[in-house]
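Each remark here refers to the structure printed beneath this line.
The values are calculated or read from the model by the stated rules, or taken from the named source; none is laboratory data. This one's a predicted model, so the numbers in the text were calculated from it and none came from an experiment. Neighbour counts are summed over all protein chains in view; Cβ atoms, including those assigned to glycine, are modelled from backbone coordinates with ideal geometry.
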């Protein structure tokens, strides 16, 4: 494949002629911010495309700028400024994948799936690492975990909970060897303290629930009348407990207030407070005793 060659100038191209090669699901809040920005100040950075002839008409495969393109479509733009590059469709897809890897604003598994997609298109680990700026060890480990379906371990790697090397060791070990892998990581200072505890929890969760991150879409059974009554009684009990605790706190505060009020006129009492460096009182308490105004902390 040839490297994409940038054009020397920006051209205005029809929005409806642009094809998104590698579509992504966008964060709605971020997308709305892009739309608002373009509506206020216009498109500050052109999208990047490559020209493709289809009969007598020109179409454009998107290389990068899906968010900007979709924002322009939302705003009703008929044309959009674009930087035209020379590249085949595979180059466009890889460039889009590389941009997604560099952005790192989407879900961790999306990023890792992009690495796998580059591998499926024939790129070697060295080439993927060079294009994405990731190490050979990281790319190799990610592709290995993906082949094994280790979504749970992949998420832990991308979040920084465990190193890629430890994740690969866990994936390659059977149940009896996993603890040995964790012990080895501890001895090599790869996992310490909270990270070691988190890794042990991850291993146990993986053992009980599997490698994948399945979402349970089963519908919950409707609540029975008895269950609704029980839930109401439990909520009522919680509120009664809260009221009881608040009444106790109120009684204690009243007692303390009256006790301090009775000591205000005692000069010896104030002398003791000054000696012990206790000449201030809580603001809430001082507010209940006008005589203490000025000594609240």
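It is to be established whether one or more residues within the range 273-295 are modelled with pLDDT under 70, at positive phi and exposed (fewer than 10 other Cβ atoms within 10 Å of the Cβ).
yes
Please work out which residue is surrounded by the fewest Cβ atoms within 10 Å (Cβ to Cβ), limiting yourself to the range 62-83 and to residues that are at pLDDT 85 or above and assigned to a strand (DSSP E or B).
Across the range 62-83, the extreme among qualifying residues is 79.
How about the range 201-211: which of its residues are farther than 18 Å from residue 145 by Cβ and either within 22 Å of the chain's Cα centre (by Cα) or in a loop (DSSP other than H, G, I, E, B) (or both)?
First, pick out the residues of the range 201-211 that are farther than 18 Å from residue 145 by Cβ: 201, 204, 208.
Matches in the range 201-211: 201 only.
Restricting attention to the range 156-165, does a residue exist that is assigned by TED's automatic domain parsing to the domain that holds residue 134 and over 18 Å from residue 138 (Cα atoms)? Before you say what the answer is, go through the steps one by one.
Of the range 156-165, the ones assigned by TED's automatic domain parsing to the domain that holds residue 134 are 156-165.
This time we only want the ones that are over 18 Å from residue 138 (Cα atoms), so: none.
Checked the range 156-165: no residue is assigned by TED's automatic domain parsing to the domain that holds residue 134 and over 18 Å from residue 138 (Cα atoms).
Can you pull out every residue in the range 146-178 that is within 21 Å of the chain's Cα centre (by Cα), in a helix (DSSP H, G or I) and over 22 Å from residue 189 (Cβ atoms)? Spell out how you get there, then give the answer.
Restricting attention to the range 146-178, the residues satisfying the condition of being within 21 Å of the chain's Cα centre (by Cα) are 146, 150-164, 167.
In the following step, the residues that additionally are in a helix (DSSP H, G or I) were identified as 146, 151-158, 164, 167.
146, 151, 152, 154, 155 - these are the residues of the range 146-178 that are within 21 Å of the chain's Cα centre (by Cα), in a helix (DSSP H, G or I) and over 22 Å from residue 189 (Cβ atoms).
From the residues in the range 25-40 that are surrounded by fewer than 16 Cβ atoms within 10 Å (Cβ to Cβ) and at pLDDT below 75, which one is nearest to residue 62 (Cα to Cα)?
Only one residue fits best here, namely 25.
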